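Just below is one structure, and these are the notes that go with it.
The values are calculated or read from the model by the stated rules, or taken from the named source; none is laboratory data. Since this is a predicted model, take the numbers as computed values, not measurements. Reconstructed Cβ throughout: ideal geometry from the backbone, glycine too, with neighbour counts over all protein chains shown.
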Amino acid sequence: MSQPVAVPDPTKIALESRAKSLLNRPRRRLAATRFSEIGIYVALICCGLFSLLITVSIIGVLLTETTRFFQFDEVTLSNFLGSAEWTPNLGEPKSFGIWGLISGTLLVTGIAMAFALPLGLVTAIYLSEYAPRQIRNFLKPILEVLAGIPTVVYGFFALMTITPFLQWVHEGFNVYNAMSAGLAVGILCFPTVCSLAEDALQSVPKTLRDGALGLGGTRFDATVKVILPAALSGIISAFLLAVARAIGETMIVALAAGSRPQATLDPRNEIQTMTGFMVQMAGGDVSNFGTEYFSMYAVAFTLFLITLALTMMGNVVRGRFRETYE
Amino acid sequence: MANQSTNAIEASNLNAWYGDFQALNSISLQIPKNEVTAFIGPSGCGKSTLLRWFNRMNDTIHSASATGDLRLGDIDLLSSATDVVDLRRRVGIVFQKANPFPKSIFENVAFGPRLHMKLNKTELQDLVEWALRKAAVWEEVKDRLNAPALGLSGGQQQRLCIARAIATGPEILLMDEPCSALDPASTLAIEDLMDELRSQYTIVIVTHNMQQASRCSDKTAFFFEGKVIEFNSTEKIFTTPNAKQTEDYVRGKFG
Amino acid sequence: MSQSGTDKTEEKTANALASHRRDKLRGSESRMNTDRWFRRICVMVAAVSVIILLFLLGSIIQQGVPSLSTTLLTGTPEPDPSQAGAWPAIAGTIWVCSICALVTLPVGIGTALLIEEFKPRSRWGSRIFSLIQLNISNLAGVPSVVYGILGLTAFVSMFSLFGVDKNGIQGFEVGAKYFDQFTNLASDPFLSMGMEGVEERYFLAPVADRADPPTIPKQGMTIFEYQNDQLNPVKISVVGPEDLPPTDPVELSLAIDANALPGRISEKAWYYFRLPFGRGVLSGALTLMLVILPVIIISSQEALRSVPSSLRDGARGLGATPWQVIWNITLPAAAPGIMTGSILAMSRAIGETAPILIIAGIVYIRNAPHHLMDSYTVLPLQIYNWTSRPQEEFHSIAAAGIVVLLGILLSFNAIAVILRHRMQNKIN
């Protein structure tokens, strides 16, 4: 085979020299770019520090206003931490026993979790281990939609649908009751539990699953004996984050749980949660800057500490879990 | 020692680490100007590390550090005061896996010139055409310059990346196993291309492919466990190497 | 780490093997049964979630759709349920959420860029970065009602930094004009008795400073009247206690009492601004920013992480500066992911009620906001307001409001899903 004789193409040569001259031109100076780069970097650092500033100001605001609350004569720390009587408005002897509100929060959270945890976990197992593709593709968007519905809608649902249903089942239910709010919060937390737990199950290495199945185990064996234990810390973190979410939930309890703080275990009763109290205060019941107004900050601080502890624990456990498998 | 002006890059007693792991151990070598230098050696022998120090791509790896002396002309490549952005204009790099930007073919090649030069539209078009011709993909892409670059085949993508590197007007072109992910036809096209480019650019290529090194390089350095075992003309390395390890490697006894 | 992972794998497999042997002795029949039952339970439970969703949507649609009407979209929240509408609330939502998006997106994406693209080399730098990262994941868990409390203190009253002066006026403001409003003598029914063509008119005397004492009516003072949306100067006569009131209807219309006490009113420009922000739109937007900032940061980080580092290397290898790499390569590649995350975060902001309730309270708003400091309400808050009323009719309107709200949110979600789908197609 003979190579065609290379004829120098005049246009190509012209292009070559033109490109050469273009490339030899003086380049853009970097100084201006450098300067703006530094400006941008500083701006980005400010953005990063802003998030730290938020935390600092949350803690600062809550701490100073809570301190102011405890400086009132009618407030004592022992009363706050040791009593379950929360009567900021009614009656002459005011009592600020935070347990009156915490117990309400715990009751609602307990009901919500009793609903959301088992259902969420089983659905997660189903989605991760059993469900055929089509059902997965159908269920996941539904969970996303459920997670995207505003809480005030759940509150409406609790008050207008769940409560009448409960009253139809059993006459003892108050118009405002812990059960209805708890169930609605449970429905709200269900997608959170489900998707976080499913993430945990999915990140268990395939080799573990295949190993168990390859030994002749059924899917149930593989799930219960191998995958669940392996994903346990991930599931625990999902639970912790869901509990934190339930504790901080506001609109549902404001609408459906009522506004009478009391330490009770009876889910038919009207109760008040920490968040419910804050909404009641800010919603206009109190206009002066008296003790009850500042008690809102003390409640907010308590709420913040509880949820912060749960979120941090959840994140730490999740971090550990990720470290193990990723 | 060779005359200063004939060498593009000079390393002496260069040591480099990733954290506690020493990747390069007292490297001394001179990369000659306007020639193709090949780095060969088994995986993990430090040849890519050295290449990445030539234009400071290691800066993004936080554990990477180096001591010794590494110079490009009068630029100290190890100094933290060195302007890496300016350096990378002069030292282009082509990676193992083609990495065209998710933009059009034209925009890919125009990326560097746009950053560094003030060009009007026709000048930019001329430069892009020149670079694409130089990289031997012009005929294949001239009718679809606005099509997404990710739609090209692997070999075309890699040649596009070479065009992209050339369009910035570098003096030195670093190639980090540019053909390892390509089919034989594309590999051949890129080897032809290197042959075409050698007169104008200093090319350093890292390769696992012995034939490739022997076919297209003027000089070859054999790396083993972070050291340069032998650095010589390619012909010498592949016919009568001085070191036993080099001989074993080029004969395919290990690696 | 991978070493221990393998060990664990082996250990677990060995355990499974042992239990398998035990099961074999027990007989595989019962094991297959357990599996079957478990699968059934799973299907039932998963079905529950679908049923709940259908039930929830069904009950709301059943209550809400009959009350859907144009009055709902365009009307004001009248006390009469049949005429009540949510226009001020919808407008409030649009105002608050657009401003929230404008301030949150740059800060959120900026923070994500800082953490993902500018990882520091120094030990102290990386400590600060991991602190910021930890802080963000904790902020994401803070209940929104707590952000409401922070917004109340930080934005509404600005930590009470702006003291109240001796005239009871707080802080600093621009863009407001003050007037003292007088009514004419014709509004006195006793004087205008039996006269034809006498109408009630209002006259506005400009006030130089909002702290000035009330204007005292004087003969020949500069005074204006609103006519056809314009302030026109008018000539009025001041009638002292000793004078006889004019008997001519026109003159009476243009006369005011010398002892009249004016009402102080203000006209606020679109750029009206004050410190502290008070219970205005800006406070609401900034408070919502606190709520969704962590969400936007986390989703933007994920989007940035999914951009292959080979692209960054490619641009860097061509001599692009760090910001040029980000602006030209990383951000465009991550844009669909960032947009998806941002849209989902915005739909959260639209539905967020508790913090707005804390900072704005339940107030009766008849108008859409006109400036950043204007009082406002948002759609979810209006829904809350209607739901918490005792009358049944308001509950139906609340349900209709929910249908509108869900419609907005679902369309947002649909956009996000389409974007994500496109993005996945692009990667494949």
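For region C:369-379, state whether one or more residues are within 11 Å of chain A (Cβ to nearest Cβ) and either touching a residue at least 12 places away in the same chain (Cβ under 8 Å) or within 23 Å of C:I292 (Cβ to Cβ) (or both). Yes.
For region C:55-157, which fully contained helices (runs of 4 or more DSSP H) count at least 3 residues that are within 9 Å of another protein chain (Cβ to nearest Cβ) and within 25 Å of A:L146 (Cα to Cα)?
Values: elements: C:70-74, C:87-117, C:123-139, C:144-151.
It comes to C:123-139, C:144-151.
Out of the helices (runs of 4 or more DSSP H) lying entirely within region C:266-373, which hold 1 or more residues that are within 30 Å of C:F172 (Cα to Cα) and in contact with a Leu (Cβ under 8 Å, 6 or more places away or on another chain)?
Numbers: elements: C:281-305, C:309-317, C:322-325, C:331-351, C:354-360.
Those helices (runs of 4 or more DSSP H) span C:281-305, C:331-351, C:354-360.
Take A:I125 and decide whether it is in a helix (DSSP H, G or I) and either more than 10 Å from every other protein chain (Cβ to nearest Cβ) or free of Cβ contacts under 8 Å to residues at least 12 places away in the same chain (or both).
Working: in a helix (DSSP H, G or I): yes; either more than 10 Å from every other protein chain (Cβ to nearest Cβ) or free of Cβ contacts under 8 Å to residues at least 12 places away in the same chain (or both): no.
Considered against the rule, which asks whether it is in a helix (DSSP H, G or I) and either more than 10 Å from every other protein chain (Cβ to nearest Cβ) or free of Cβ contacts under 8 Å to residues at least 12 places away in the same chain (or both), A:I125 comes out as no.
A single member of A:F115, A:F138 is modelled with pLDDT of 90 or more and more than 30 Å from A:E74 (Cβ to Cβ), and it is A:F115. Just one of the listed residues (B:A81, B:A149, B:A98) is surrounded by fewer than 17 Cβ atoms within 10 Å (Cβ to Cβ) and of a type outside the set (D, E, K, R), namely B:A81.
Quick one: C:V378 ticks every box in (1) closer than 16 Å to C:I99 by Cα; (2) buried (at least 24 other Cβ atoms within 10 Å of the Cβ); (3) touching a Phe, Trp or Tyr at 6+ places or on another chain (Cβ under 8 Å); (4) not acidic (D, E) bar one, so which box is it? Going through the list (1) closer than 16 Å to C:I99 by Cα; (2) buried (at least 24 other Cβ atoms within 10 Å of the Cβ); (3) touching a Phe, Trp or Tyr at 6+ places or on another chain (Cβ under 8 Å); (4) not acidic (D, E), C:V378 breaks only (3).
Of all residues in region A:70-87, none satisfies being surrounded by fewer than 16 Cβ atoms within 10 Å (Cβ to Cβ) and at the interface with chain C (Cβ under 10 Å from one of its Cβ atoms). Every listed requirement among (1) surrounded by 21 or more Cβ atoms within 10 Å (Cβ to Cβ); (2) within 14 Å of chain A (Cβ to nearest Cβ) is met by B:V137 save one, (2).
In region B:15-50, which residues are part of a helix (DSSP H, G or I) and more than 15 Å from B:F231 (Cα to Cα)? I'd like the intermediate steps shown before the answer.
We begin by selecting, within region B:15-50, every residue part of a helix (DSSP H, G or I); these are B:47-50.
Result: B:S48, B:T49.
When restricted to residues that are small (G, A, S) and either buried (at least 16 other Cβ atoms within 10 Å of the Cβ) or not in a helix (DSSP H, G or I) (or both), region A:20-57 contains 2.
Looking only at residues in region C:266-287 that are farther than 14 Å from C:L139 by Cβ and modelled with pLDDT of 90 or more, the one that is nearest to the other protein chains (Cβ to nearest Cβ) is C:L286. Scanning region C:223-253 for residues that are among the β-branched types (V, I, T), modelled with pLDDT under 80 and assigned to a loop (DSSP other than H, G, I, E, B) yields one hit, C:T247. Might you let me know whether region A:90-98 holds any residue that is closer than 30 Å to A:M281 by Cα, surrounded by 17 or more Cβ atoms within 10 Å (Cβ to Cβ) and among the hydrophobic types (A, V, I, L, M, F, W, C)? Within region A:90-98, one or more residues are closer than 30 Å to A:M281 by Cα, surrounded by 17 or more Cβ atoms within 10 Å (Cβ to Cβ) and among the hydrophobic types (A, V, I, L, M, F, W, C).
Somewhere in region A:278-291, is a residue in a loop (DSSP other than H, G, I, E, B), within 12 Å of another protein chain (Cβ to nearest Cβ), buried (at least 23 other Cβ atoms within 10 Å of the Cβ) and in contact (Cβ under 8 Å) with a residue 40 or more places away in the chain? Explain how you work it out, then say what you get.
Here is the first cut: in region A:278-291, the ones in a loop (DSSP other than H, G, I, E, B) are A:286-290.
Remaining after also requiring within 12 Å of another protein chain (Cβ to nearest Cβ): A:286-287, A:289.
Filter once more, keeping what is buried (at least 23 other Cβ atoms within 10 Å of the Cβ): none.
No, region A:278-291 contains no residue that is in a loop (DSSP other than H, G, I, E, B), within 12 Å of another protein chain (Cβ to nearest Cβ), buried (at least 23 other Cβ atoms within 10 Å of the Cβ) and in contact (Cβ under 8 Å) with a residue 40 or more places away in the chain.
Residues considered: C:G319, C:G314, C:G341. Of these, the only one that is over 13 Å from the mean Cα position of the chain (by Cα), free of Cβ contacts under 8 Å to residues at least 12 places away in the same chain, crowded, with 20+ Cβ neighbours inside 10 Å and in the same structural domain as C:G108 (by TED's automatic domain parsing) is C:G319. All conditions but one from (1) closer than 30 Å to B:M117 by Cα; (2) touching an Asp or Glu at 6+ places or on another chain (Cβ under 9 Å) apply to B:A243; the one that does not is (1). Summed over region A:6-39, residues that are within 14 Å of chain C (Cβ to nearest Cβ) and either within 22 Å of B:M117 (Cα to Cα) or touching a residue at least 40 places away in the same chain (Cβ under 8 Å) (or both) total 13.
Restricting to region B:1-44, and then to whatever is of a type in the set (V, I, T) and modelled with pLDDT of 90 or more, can you tell me which residue is farthest from the chain's Cα centre (by Cα)? Write out each step before concluding.
Restricting attention to region B:1-44, the residues satisfying the condition of being of a type in the set (V, I, T) are B:6, B:9, B:27, B:31, B:36-37, B:40.
Subsequent filtering for residues that are modelled with pLDDT of 90 or more retains B:9, B:27, B:31, B:36-37, B:40.
Values: B:I9: 13, B:I27: 18, B:I31: 12, B:V36: 10, B:T37: 9, B:I40: 13 Å.
For region B:1-44, the residue satisfying everything is B:I27.
Being in contact (Cβ under 8 Å) with a residue 12 or more places away in the chain and under 30 Å from C:R348 (Cβ atoms) holds for only one residue in C:A285, C:A255, C:A269, and it is C:A285.
Just to be sure, is C:G163 more than 30 Å from A:V243 (Cβ to Cβ) and either modelled with pLDDT under 90 or at the interface with chain A (Cβ under 7 Å from one of its Cβ atoms) (or both)? Full working, then the answer.
Details: more than 30 Å from A:V243 (Cβ to Cβ): yes; either modelled with pLDDT under 90 or at the interface with chain A (Cβ under 7 Å from one of its Cβ atoms) (or both): yes.
Considered against the rule, which asks whether it is more than 30 Å from A:V243 (Cβ to Cβ) and either modelled with pLDDT under 90 or at the interface with chain A (Cβ under 7 Å from one of its Cβ atoms) (or both), C:G163 comes out as yes.
Table: residues versus (1) in contact (Cβ under 8 Å) with a residue 24 or more places away in the chain; (2) facing chain C (nearest Cβ under 10 Å); (3) surrounded by 21 or more Cβ atoms within 10 Å (Cβ to Cβ).
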residue	(1), (2), (3)
A:S259	yes, no, no
A:G276	yes, yes, yes
A:F301	yes, yes, yes
A:L305	no, no, no
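Test A:G172 against the criterion of being out of contact with any Gly (no Cβ under 9 Å at 6 or more places or on another chain), surrounded by fewer than 16 Cβ atoms within 10 Å (Cβ to Cβ), in contact (Cβ under 8 Å) with a residue 40 or more places away in the chain and outside any helix (DSSP H, G or I), and give yes or no. So that I can check it myself, show each step before the final result.
Values: out of contact with any Gly (no Cβ under 9 Å at 6 or more places or on another chain): yes; surrounded by fewer than 16 Cβ atoms within 10 Å (Cβ to Cβ): yes; in contact (Cβ under 8 Å) with a residue 40 or more places away in the chain: yes; outside any helix (DSSP H, G or I): yes.
Here the answer is yes, as A:G172 does meet what is asked.
Considering region B:101-121, and only residues there that are within 10 Å of chain A (Cβ to nearest Cβ) and in a helix (DSSP H, G or I), the residue that is surrounded by the fewest Cβ atoms within 10 Å (Cβ to Cβ) turns out to be B:R114.
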